[in-house]
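The values are calculated or read from the model by the stated rules, or taken from the named source; none is laboratory data. Just so we're clear, the structure is a prediction, and the values are computed from it rather than from any experiment. Counting neighbours? That spans all protein chains shown, and the Cβs are built from the backbone with ideal geometry, glycine included. The accessibility values were calculated without ligands, DNA or RNA, using every heavy atom of the protein model including side chains. Shrake-Rupley method; radii C 1.70, N 1.55, O 1.52, S 1.80 Å.
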Amino acid sequence: MPETYSDDDIEQMAQRNAFFMQKMSEHFKAAGEGRDSEEVARAHGRLINSGRIPPANTPLQNLTENDVAALESALRSPAANLEDHIFLGTTAHTLLLYQMEAMKKLPHDIMDRVDARTIELRSQPQRPASEQDRMAALVPPRPPPQLKRPTSTRGIPLSDATVRDMLASPLTLVGKGFILQDTDLYYCITSVSASVQECTFSLQYEDTSYPAEDVSSSELSDMLLNSVAL
């Protein structure tokens with residue numbers, strides 16, 4: 001990555017973050033209404049067995065530049081069925097996590113600017129649906145796979161300073177999983193948005209197909225202090 005970053009560099013990174021978040025939300029929502037979770041799980045399994053999506057917890061460093069380019073190209077395709085929605089939602093999630101890993105190499109002040117711009121973009125009203133979007137919306141919606149606890153559950157306790165650092169760069173929390181210690185509940189932060197007052201985080205819990213609730217920064221801080229990071 002370059003040692004200096006222009007406003008265009010920051011805008012491009014923020015636009016990519018916002019685009020991946022938008023597509024992940026769109027496809028999982030389109031796949032998530034009125035379908036039996038077992039049917040969705042079977043479809044998800046077929047995608048893994050066919051090699052169309054990687055198994056859960058596949059290391060991001062295994063992705064090549066060609067892999068990333070292919071995923072980005074695929075993400076701009078319309079969804080025609082349940083498996084397409086699962087594939088595209090998962091693709092958007094993978095690309096977002098890949099981008100988050102790349103952003104860890106940025107200077108803190110640049111990362112903060114990218115975070116702030118991404119949150120600003122995510123808080124803006126969505127554009128009107130295109131004809132392609134409207135056609136995709138005609139596909140019967142079905143739920144995404146349920147959130148499952150990773151095989152390795154050795155957690156890392158979080159200190160006050162660590163939690164403060166996490167909340168100072170909220171986008172780095174997207175896609176991260178934690179276990180709430182007093183209830184042994186696994187949860188994942190799926191997205192972040194902003195109001196005039198503060199950030200709001202969407203949480204998805206173990207064995208559910210959708211984000212269950214939104215929490216404020218202070219509420220998430222309390223949860224994280226009672227959690228271990230996976």
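Rounded to whole numbers, the Karplus 3J(HN,Hα) couplings from phi for the range 185-192 are 9, 7, 9, 10, 8, 9, 6, 9 Hz, using 6.51 cos²θ - 1.76 cosθ + 1.60 with θ = phi - 60°, and x at Gly and Pro.
Using 22 Å as the Cα-Cα cut-off, could you pick out the over-long pairs in K23/K105; K104/K148; K23/K176; K105/K176? Too far apart for the 22 Å limit: K23/K105; K104/K148.
Straight-line reach from K29: taking Cα to Cα under 14 Å and skipping same-chain neighbours fewer than 8 places apart, the aspartates and glutamates in range are E83, D84, D133. Solvent-accessible surface of protein heavy atoms, probed at 1.4 angstrom with all chains present, puts T151, T183, T190 in the order T151, T183, T190, largest first. Accessible surface of D207, taken over heavy atoms with a 1.4 Å probe and every protein chain present, rounds to 80 Å². Counted by Cβ distance under 11 Å from D207, the other residues give a net charge of +1, where Lys and Arg count +1 and Asp and Glu count -1. With R₀ fixed at 30 Å, the C-beta to C-beta distance from E101 to A74 puts the FRET efficiency at about 0.95.
The residues L230, L95, sorted by heavy-atom accessible surface at 1.4 Å with ligands and nucleic acids left out, run L230, L95 from largest to smallest. Sorting Y5, Y98, Y186 by solvent-accessible area of protein heavy atoms yields Y98, Y5, Y186, largest first, with a 1.4 Å probe.
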